[in-house]
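The values are calculated or read from the model by the stated rules, or taken from the named source; none is laboratory data. Computed from a predicted structure; not experimentally measured. Neighbour counts run over all protein chains shown; Cβ positions are idealised from the backbone, glycine included.
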Amino acid sequence: MVEQQTETWRDGLNPEQARAATHPGGPLLIAAGAGTGKTKTLACRVAHLIETGVPAERILLLTFTRRAAAEMLKRAGQMTASPAAISGSSNQHRSTRQFSDPSTQVWGGTFHAVSNRLLRMHGRALGLDPGFTVMDQADGADLMDLIRDEGGYAKGKSRDLRTGGWNDAGLKIPKSRSRFPKKDTLASIYSRAVNSGERLAEVLEKHFPWCKPEAEGIREILSAYVERKRSAGVLDYDDLLLFWKVLAEAPGVGELVADRFDHILVDEYQDTNHLQSDVLRAMRKTNPNITVVGDDAQAIYSFRSASIDNILSFPDHFPGAEIIKLERNYRSSAEILSTSNAVIAESHIGYGKQLWTDRTDGRKPGLIDCLDEEQQTHQVCERVLEHRERGVPLTHQAVLFRAGHHSAQLEIELTRRNIPFVKYGGLKFVESAHVKDVIAFLRILENPRDELGWWRVLNLLDGVGPATTRSFMNAIGVTSNGSEISPLTRLAEDLPAPGGAKREQVAALADVLSRCMEESPALSVTSQIEIIRSFYDPIVHRRYEAPHARIRDLEQLESLAESSKSRERFVVDLTLDPPASTQDLAGPPLIDEDYLILSTVHSAKGGEWDVVHVLHAADGMIPSDMATGDADEIEEERRLFYVALTRAKNDLYVYFPLRYYHRPRGLDDAHGYAQLSRFITPTVKDTFELQPAFTGSPAEEAPLDHRPVAEVTKYLSDLFSI
DNA sequence: TAGTCCGAGTTTTTT
DNA sequence: ACTCGGACTA
């Protein structure tokens, strides 16, 4: 990393970086390879714009996560005289700094967060009630499920559609197993169509061919889904983009919105999708000042409909675009670069950058053959500690893996050895049912028409299931539109016929909700959650086997709310920018401590560490079994591997466990032998130093590995069993 | 109509 | 290990 405390920021830039940072205006594409200082360049560009007189609040910086925006603006702030003007306006609840005048700050954040803000300001012009609530992907899937049940798609309808031909052929229908897509599939189909702009038929054909027989039912559900979101006053992630696009294209208000910004800068452009590129074009119909930064070799979000075409056809979308390539790598040793260059060389698309460095102090990356996952875990721990002893703190080391659960065993071992760690990616706090339940309370307080919120809350009552919930929602006017009286009031005033529910419990619920609505003095979000928990905690105790972990989560949620200005902000922030790591939740105590970073490769995007350990370099893990359908998917997995490798500055270790015990299918505990990841071709392998762990020092390994004995026993018992 | 139990099938990445 | 759906009971 280049020094920052130079006189002016310009001195720290190489010629290409400087040219990009001081580009006068018009469309600019910065094709920045991994580790070429793209964050710095973008931050400098922001600083440059402000120094040349562009008002901070007329700059829009779109990033992939809010964390990235905050980081970039922090760096820009260090370079200019008035740092406060730069720090992002969308500071989240966890941010400790407050700024005097939010109107004089750069707009920074994700597409979704920025859209949320614009729509609350201008949405009315589209007929959109600015009091909308936002739901995440899982909520969307739940709504799909609701509709799916009502329509009886899972049962009767789909069966009717399929039976005919089969009977004629004399085939036995396999016990009418419902093949109708599940809620998550429905949500993905919908999202894919919206984000890529492809028609339903095409989407099914290309990405969900096994769902084609149910196309008609799917179409009906998707239409109903759209309608239900509208009447509930709820937007999903896709709506945020869609409405932003419509807003920007609308005559009158569209110009108003676009004219807010003299300059738009977009980071990680390779991971934007068709819809996002439409948004940008709509925002830049007249003003051509747009800067995008990206690396086609690091495109890893096609599952979210991101399209590599966006970056490849940027010059067509924005005529007159200048392209600046950044190829000088400041991050990694030459040896690490050789390895990563060799990996990406096997792929043949894009702007074909060749990364180089003049560093000469490197060591060859290590490829560590392990007997099995247990040994891999052991090896990682040993190496991590070794590096710490040699002076590399844990925070400067990261362990990367393809899927959230790949680190499960390692986490157990780290805990056992008292090695502190923080994990990014994988299953998230806000996705757990009990947290969602509490958020559902907040959502109906915020937006009493929020059908899904009511659905969750009412279903909590004893003796209340789907049917009673539906009649409740009708009775208090959640679903039946038109009444001026809020469902909250109606629940409190005349309790609906309880059905199977206990009258007192319904009354208690109504009481909790109205206490949260107290206006003078307005209650803090924390107090509201406290009230909700007085009702909900007992339910957790009754419902779950081990309630304590869940109660702790709720305590965390409560304290998370402390720094939150309003209920609206809290709920929106939780869905648009959920805590990304275990650390975000753990609070201050961890901050001074040293801890190891664990992260999915996706969440590691943009990060860099002195020492990087990549787990499970076996076929089936990298590339994932789930993503070997077609050539494009494989290429994306290759780029994913490339992203993992290029995070390393000084030392890189890639681990390959030869044997897996818990093969997904194997109920008979049969193990399987894995293949080395197909991305480690012979050429690539040559760039590594091979370090077979199990032929190492036997004295060290032997006591730790009881497997061989178990193997022999099993072998013999198999032999005799037939 | 709710709640429970069992068997079958699935298992990624994230705003 | 987990979720989903179907069947069964109260």
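Test A:Arg659 against the stated conditions and say whether it is within 13 Å of DNA strand B (Cβ to nearest atom) and either surrounded by fewer than 24 Cβ atoms within 10 Å (Cβ to Cβ) or assigned to a loop (DSSP other than H, G, I, E, B) (or both). Taking the combined requirement at face value, the residue does not satisfy it. Per the conditions (1) away from DNA strand B (no atom under 16 Å from the Cβ); (2) closer than 17 Å to A:Leu509 by Cα, the sole criterion not satisfied by A:Val478 is (1).
Residues in segment A:40-70 that are under 20 Å from A:Leu280 (Cβ atoms), out of contact with any Ser or Thr (no Cβ under 7 Å at 6 or more places or on another chain) and not hydrophobic (A, V, I, L, M, F, W, C): A:Thr41, A:Arg58.
What is the residue count in segment A:348-407 for residues that are among the small types (Gly, Ala, Ser) and either modelled with pLDDT of 95 or more or surrounded by fewer than 14 Cβ atoms within 10 Å (Cβ to Cβ) (or both)? Even if it seems obvious, please write down each step before you answer.
Residues of segment A:348-407 that are among the small types (Gly, Ala, Ser), as a first pass: A:350, A:352, A:362, A:366, A:391, A:398, A:403-404, A:407.
Remaining after also requiring either modelled with pLDDT of 95 or more or surrounded by fewer than 14 Cβ atoms within 10 Å (Cβ to Cβ) (or both): A:352, A:366, A:391, A:398.
Here the count works out to 4.
Of the residues making up segment A:268-291, those that are farther than 28 Å from A:Arg199 by Cα and either in contact with a helix residue (DSSP H, G or I) (Cβ under 9 Å, 6 or more places away or on another chain) or crowded, with 19+ Cβ neighbours inside 10 Å (or both) are A:Thr286, A:Asn287, A:Asn289, A:Ile290, A:Thr291. Of the residues making up segment A:288-316, just one is more than 19 Å from the chain's Cα centre (by Cα), under 20 Å from A:Ser115 (Cβ atoms) and at pLDDT below 95, namely A:Asn310. Confirm whether A:Asp630 is of a type in the set (Asp, Glu), more than 15 Å from DNA strand B (Cβ to nearest atom) and either over 27 Å from A:Glu382 (Cβ atoms) or at pLDDT 90 or above (or both). Against the criterion (of a type in the set (Asp, Glu), more than 15 Å from DNA strand B (Cβ to nearest atom) and either over 27 Å from A:Glu382 (Cβ atoms) or at pLDDT 90 or above (or both)), A:Asp630 does not qualify.
Of all the numbered requirements in (1) more than 27 Å from A:Asn273 (Cβ to Cβ); (2) at pLDDT 85 or above, A:Ser103 misses one, and that requirement is (2).
Assess whether A:Gly53 counts as being over 28 Å from the mean Cα position of the chain (by Cα), at pLDDT 80 or above and not hydrophobic (A, V, I, L, M, F, W, C). Quick ask: steps written out before the conclusion?
Numbers: over 28 Å from the mean Cα position of the chain (by Cα): yes; at pLDDT 80 or above: yes; not hydrophobic (A, V, I, L, M, F, W, C): yes.
Yes: the conditions hold for A:Gly53.
Among the criteria (1) within 15 Å of DNA strand B (Cβ to nearest atom); (2) under 16 Å from A:Ala580 (Cβ atoms); (3) touching a Leu at 6+ places or on another chain (Cβ under 7 Å), the one A:His406 does not fulfil is (2).
Test A:Leu118 against the criterion of being assigned to a loop (DSSP other than H, G, I, E, B) and either away from DNA strand B (no atom under 16 Å from the Cβ) or modelled with pLDDT of 90 or more (or both), and give yes or no.
no
The number of residues in segment A:540-550 being part of a helix (DSSP H, G or I) and within 22 Å of A:Lys428 (Cβ to Cβ) comes to 6.
Taken over segment A:16-54, the criterion of being among the small types (Gly, Ala, Ser) and under 17 Å from A:Gly77 (Cβ atoms) is satisfied by A:Ala21, A:Ala43, A:Ala47.
Within segment A:32-76, being in contact (Cβ under 8 Å) with a residue 24 or more places away in the chain, over 27 Å from A:Lys353 (Cβ atoms) and among the small types (Gly, Ala, Ser) holds for A:Ala56, A:Ala70. When the residues of segment A:180-211 are filtered to those that are over 21 Å from the mean Cα position of the chain (by Cα) and aliphatic (A, V, I, L, M), the one that is farthest from DNA strand C (Cβ to nearest atom) is A:Ala201. Annotation note: of A:Leu171, A:Leu161, A:Leu222, the sole residue that is of a type in the set (A, V, I, L, M, F, W, C) and either at pLDDT 90 or above or under 23 Å from the mean Cα position of the chain (by Cα) (or both) is A:Leu222. Return a yes/no flag: does segment A:241-262 have any residue that is under 23 Å from A:Lys40 (Cα atoms), surrounded by fewer than 19 Cβ atoms within 10 Å (Cβ to Cβ) and touching a residue at least 12 places away in the same chain (Cβ under 8 Å). Checked segment A:241-262: at least one residue is under 23 Å from A:Lys40 (Cα atoms), surrounded by fewer than 19 Cβ atoms within 10 Å (Cβ to Cβ) and touching a residue at least 12 places away in the same chain (Cβ under 8 Å). Pull up segment A:551-567, narrow it to residues that are in a helix (DSSP H, G or I) and surrounded by fewer than 18 Cβ atoms within 10 Å (Cβ to Cβ), then point me to the one that is nearest to the chain's Cα centre (by Cα). Ranking the candidates gives A:Gln556 first. Annotation: A:Lys428 fulfils all but one of (1) in contact (Cβ under 8 Å) with a residue 60 or more places away in the chain; (2) within 14 Å of DNA strand B (Cβ to nearest atom); (3) touching a Leu at 6+ places or on another chain (Cβ under 7 Å); the unmet one is (3).
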